[in-house]
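K.L.:
Quick one: this structure, given as structure tokens, is what I'll be asking you about.
The values are calculated or read from the model by the stated rules, or taken from the named source; none is laboratory data. Bear in mind the structure is a predicted one, so any value in this text is a computation, not a measurement. Heads up, the Cβs are rebuilt from the backbone with ideal geometry, glycines too, and the neighbour counts pull from every protein chain shown. For the accessible areas, the whole protein counts, side chains as well, though only heavy atoms, and no ligand, DNA or RNA atoms are used. Shrake-Rupley method; radii C 1.70, N 1.55, O 1.52, S 1.80 Å.
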Amino acid sequence: MSQYIERYQRRRLISSYFSVVLSIALVLFLLGILGLLVLNTKKLADHFKEQITISIFLKDNAKTVEIEQLQKSLALAEYTKSANYVSKEDAAEQYSEDIGENFVEFLGYNPLKNAIDVNLKADFVSPVQISEIAEDITSKTYVDEVSYDQPLISLLNDNVKRISLWILVASGIFTFISVLLINSSIRLSIYSKRFIIKTMQMVGATKKFIRKPFVWTNIKLGILGGLLALMALAIVLYYVNANFPGLNLFQDIMVIVILFVSVFGLGILISWLSTHIATQRFLNLRTDDLYY
């Protein structure tokens, strides 16, 4: 009978520890994902901004030398990420593939113009700056038109600001919730041992002596939960980087290291603080209050 009770108590203890480790790991993992979003918000925004293309259409009488000079000057400009020349023949071929019909044969001539497609650096993708760049390029006599999606640029900039704000707000709220969840899990695990705590106190054990094993146990659980969370974060980070190499997530290794250390340290800190507060609460309770 005593062996059965002992096995039952051991299973309960393992189950309690497992639930604490799992809750810490899940909360820290989600917190780490949110941290990655916060740290990479600008990088994600820059990635999408740099996909916007400005098309510079050239007049039919533009000389080859003028076109080459313009392309080189654009490639060297501080606002340019890339500048590619697209002949009207290549443009017609691409457009025919898109619509599934050879429109040049139907019309009898190619209405498209030679063009230079420019992708700007993210810091220069704003309605005001692009307007100034377009105005400067349009002033050249051999440039026919500068075309870009102005509503899309305005919408993109507005959405980036809005999303950045909400991510910061969500980070603050989720951090607070994370602390509460981990604290609740640890308090529940200590609650099941409240009678042991009070018995030790009644036989003369000091509060520090009683608190120490609980604190160390939950710090170890916090370390284990943190390691599991970091392993899951590393897998997600590797997967995202493999499928979206343009984001260059591993470009700033130090930022990732700081994030991982912060998540791991936060798990240990919350575990220590929650255990200290929970044990102190039960140490200060009267014996009669332990039953409620």
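K.L.:
Residues Val215, Val236: which one is in contact (Cβ under 8 Å) with a residue 12 or more places away in the chain, under 15 Å from the mean Cα position of the chain (by Cα) and surrounded by 13 or more Cβ atoms within 10 Å (Cβ to Cβ)?
P.N.:
Val236
K.L.:
Related question: Would you mind stating whether Val27 is within 30 Å of Asn218 (Cβ to Cβ), of a type in the set (Val, Ile, Thr) and surrounded by fewer than 17 Cβ atoms within 10 Å (Cβ to Cβ)?
P.N.:
Taking the combined requirement at face value, the residue does not satisfy it.
K.L.:
Moving on. Against the definition (part of a helix (DSSP H, G or I), among the β-branched types (Val, Ile, Thr) and closer than 21 Å to Leu34 by Cβ), how does Ile197 come out, yes or no?
P.N.:
In short, no.
K.L.:
Next question. What number of residues within region 137-151 satisfy the criterion of being loosely packed, with under 12 Cβ neighbours inside 10 Å and part of a helix (DSSP H, G or I)?
P.N.:
1
K.L.:
Turning to a different aspect of this structure: Kindly provide the set of residues from region 247-260 that are in a helix (DSSP H, G or I) and surrounded by 12 or more Cβ atoms within 10 Å (Cβ to Cβ), ordered by number.
P.N.:
Across region 247-260, the qualifying residues are Leu247, Val255, Ile256, Ile258, Leu259, Phe260.
K.L.:
Given the conditions (1) open to solvent by less than 80 Å² (accessible area, probe 1.4 Å); (2) out of contact with any helix residue (DSSP H, G or I) (no Cβ under 7 Å at 6 or more places or on another chain); (3) free of Cβ contacts under 8 Å to residues at least 24 places away in the same chain; (4) more than 30 Å from Gln251 (Cβ to Cβ), report the number of the one that Ala75 does not fulfil.
P.N.:
(4)
K.L.:
Looking only at residues that are assigned to a strand (DSSP E or B) and either open to solvent by less than 40 Å² (accessible area, probe 1.4 Å) or acidic (Asp, Glu) (or both) in region 30-59, which one is farthest from Val169 (Cα to Cα)?
P.N.:
The selected residue is Leu58.
K.L.:
Could you list, in sequence order, all residues of region 255-292 that are among the aromatic types (Phe, Trp, Tyr) and at pLDDT 75 or above?
P.N.:
Those that are among the aromatic types (Phe, Trp, Tyr) and at pLDDT 75 or above: Phe260, Phe264, Trp272.
K.L.:
Test Gly204 against the criterion of being small (Gly, Ala, Ser), without any contact (Cβ under 8 Å) to a residue 60 or more places away in the chain and outside any helix (DSSP H, G or I), and give yes or no.
P.N.:
Spelling it out, Gly204 is indeed small (Gly, Ala, Ser), without any contact (Cβ under 8 Å) to a residue 60 or more places away in the chain and outside any helix (DSSP H, G or I).
K.L.:
Please tell me if Ala62 is farther than 30 Å from Leu273 by Cβ, modelled with pLDDT of 80 or more, under 35 Å from the mean Cα position of the chain (by Cα) and crowded, with 16+ Cβ neighbours inside 10 Å.
P.N.:
no
K.L.:
Let me ask you something else. Of all the residues that make up region 157-193, how many are open to solvent by less than 80 Å² (accessible area, probe 1.4 Å), within 30 Å of Phe29 (Cβ to Cβ) and assigned to a helix (DSSP H, G or I)?
P.N.:
So the answer is 20.
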